[in-house]
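The values are calculated or read from the model by the stated rules, or taken from the named source; none is laboratory data. Only a predicted model underlies this, so the values are computations on that prediction, with no experimental measurement involved. Reconstructed Cβ throughout: ideal geometry from the backbone, glycine too, with neighbour counts over all protein chains shown.
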Amino acid sequence: MWFEHLRQRLDGLDARDLRRRLRVADSGTAPRQRVRDPQGGARELLMFCGNDYLGLAAHPAIAEALAEGARRWGGGSGASPLVSGHSAAHAAVAAWLGEAFAGHIPRARALGFCTGYMANLGVLTALGDAEVELFCDQLNHASLIDGARLARARVSVYPHADTAALAARLAASTAARKLIATDSVFSMDGDIAPLRELLALAEAHDALLMVDDAHGFGVLGEDGLGALQLLDLRSPRLVLMGTLGKAAGLAGAFVVAQDRVIEFLLQSARNYIFSTAAPPLLEHAVLASLRLIQGPEGRRRRAALRERVAQWRAGAQALLARHPGLGWRLIDSHTPVQALVVGGNAPAMALSARLEAEGLRVPGIRPPTVPTGSARLRVTLCASHAPEDVDQLLHALERAALSAALEVA
Ligand SMILES: *Cc1c(COP(=O)(O)O)cnc(C)c1O
């Protein structure tokens with residue numbers, strides 16, 4: 001019964017061309033990566049799909065800090081944080097984060113989680129009890145959606161970035177407590193949530209504002225502190241989630257909020273309490289990464305990243321202007337997440353395949369991940385891309401646009 005059912009489900013994915021496949025990499029991401037193909041060969045691809053925005057995953061200081069951490073601490077933490085897994089290395093990371101965000105969140109304190117996915121589930125399930133209403137942007141990341149589903153709170157999904165619609169729902173809500181949850185940088189479009197307006201709404205309606213800064217931490221703001229720094233937000237109502245697997249080049253996540261919120265999470269976030277703490281060697285390296293992010297090296301890398309984003313946007317806009325008949329469009333974004341909307345599923349996937357044949361990995365994204373008719377290439381840029389790398393992508397797209405234009409004609 002079971003096996004036949006599962007075969008049918010998998011066949012259904014194949015029939016709709018939706019089967020996802022794991023690919024094996026033979027090297028780190030830097031931004032070229034050796035990737036095995038299904039036939040057993042291996043090729044080096046120029047990647048425009050990773051989230052290692054500052055290129056820190058390949059930084060020698062990070063590898064050295066991991067080795068140093070391993071020599072000092074050995075392997076795993078051996079237990080959950082409240083039992084005996086919370087090391088001085090974990091405490092140092094939390095202290096650094098608490099201090100770094102003190103200007104944005106009064107009495108800021110940090111709590112570490114093993115992944116961003118876990119952090120979002122932990123926060124929403126702990127805070128979202130049955131007396132709470134959660135207000136979620138329609139384009140929120142899957143981990144916020146899953147957290148909202150698992151929470152006992154009532155959930156209200158508002159249209160993307162629509163603060164007027166949200167205001168109306170907040171005003172109509174009879175819940176005892178309210179929490180607004182949003183991505184800062186939306187992962188498929190790269191646009192930034194109207195956080196100032198959302199915070200004003202949170203203040204007006206006595207709500208908390210949870211900001212998932214997975215794509216902003218390390219990237220946005222003068223010191224790389226992310227969206228709160230970019231937009232100069234300050235409030236005790238902010239609950240910030242940042243990941244360490246993206247711009248920080250490692251793994252893990254943190255939540256920063258005012259002391260009392262964090263103390264409550266420590267007492268009640270089940271996936272914090274009942275899961276083994278991250279290895280201390282990782283925390284040792286995270287501290288090194290945080291220092292790089294905040295220091296001159298991070299600043300240099302953020303400047304390089306901004307240049308690559310500007311170069312890509314100028315080049316892509318010129319390309320679209322040369323080929324208006326294709327109906328391609330570039331979503332307005334000044335973050336490293338750049339979406340080139342193609343439209344139909346088949347053309348978007350064909351474009352992605354064509355780029356890959358030319359040695360460039362740029363994933364095509366289809367519904368249901370994005371709305372019907374907006375299948376796209378999702379291009380991510382990082383500080384380790386050279387200007388020539390971005391040119392290589394633009395040239396390959398130009399060739400693809402020329403042949404697509406011939407087909408249209
Ligand atoms: C990647 C991502 C997460 C999950 O973080 P992990 O550390 O990879 O689990 C959460 N939210 C958003 C918006 C993300 O892009």
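Restricting to the range 1-37, give me the number of residues that are aliphatic (A, V, I, L, M) and part of a loop (DSSP other than H, G, I, E, B). It would help to see each step written out before you state the result.
Applying the first criterion (aliphatic (A, V, I, L, M)) to the range 1-37 yields 1, 6, 10, 13, 15, 18, 22, 24-25, 30, 35.
Cutting the leftovers down to part of a loop (DSSP other than H, G, I, E, B) gives us 1, 18, 22, 24, 30.
Total satisfying the criteria: 5.
Would you tally the residues in the range 379-400 being touching a Pro at 6+ places or on another chain (Cβ under 8 Å) and either within 18 Å of residue 349 (Cα to Cα) or not assigned by TED's automatic domain parsing to the domain that holds residue 342 (or both)? Result for the range 379-400: 1.
Quick check: anything in the range 170-178 closer than 30 Å to residue 247 by Cβ and crowded, with 16+ Cβ neighbours inside 10 Å? Looking for residues that are closer than 30 Å to residue 247 by Cβ and crowded, with 16+ Cβ neighbours inside 10 Å, one finds none in the range 170-178, hence no.
Among the candidates 142, 181, 167, 193, which residue alone is assigned by TED's automatic domain parsing to the domain that holds residue 213, on the phi < 0 side of the Ramachandran plot and more than 16 Å from the ligand (Cβ to nearest atom)?
Only one candidate qualifies: 167.
Of note, residue 220 satisfies the criterion of being hydrophobic (A, V, I, L, M, F, W, C) and within 15 Å of the ligand (Cβ to nearest atom).
Just wondering, is there one or more residues in the range 41-60 that are farther than 30 Å from residue 307 by Cα and surrounded by fewer than 16 Cβ atoms within 10 Å (Cβ to Cβ)?
So in the range 41-60, the residues farther than 30 Å from residue 307 by Cα come out as 41-42.
Applying the additional criterion that residues be surrounded by fewer than 16 Cβ atoms within 10 Å (Cβ to Cβ) yields 41-42.
There is at least one residue in the range 41-60 that is farther than 30 Å from residue 307 by Cα and surrounded by fewer than 16 Cβ atoms within 10 Å (Cβ to Cβ).
Tell me, which residue of the range 244-286 that is among the aromatic types (Phe, Trp, Tyr) and either assigned to a loop (DSSP other than H, G, I, E, B) or within 16 Å of the ligand (Cβ to nearest atom) (or both) is surrounded by the fewest Cβ atoms within 10 Å (Cβ to Cβ)? It comes out as 274. Among the residues of the range 72-96, the ones that are outside any helix (DSSP H, G or I) and surrounded by 14 or more Cβ atoms within 10 Å (Cβ to Cβ) come to 6 in all. Of the residues in the range 97-112, not one is at pLDDT 95 or above, out of contact with any Pro (no Cβ under 6 Å at 6 or more places or on another chain), part of a loop (DSSP other than H, G, I, E, B) and within 16 Å of the ligand (Cβ to nearest atom). All of (1) under 19 Å from residue 216 (Cα atoms); (2) away from the ligand (no atom under 15 Å from the Cβ) hold for residue 92 with one exception: (1).
Cβ-Cβ contacts under 9 Å between residues 6 or more apart (or on different chains), taken from a first residue in the range 105-127 that is β-branched (Val, Ile, Thr) to a second residue that is in a helix (DSSP H, G or I) and within 8 Å of the ligand (Cβ to nearest atom), are listed as 115/143.
In the condition set (1) more than 16 Å from the ligand (Cβ to nearest atom); (2) crowded, with 24+ Cβ neighbours inside 10 Å; (3) not in a loop (DSSP other than H, G, I, E, B), residue 225 is compliant with all but (3).
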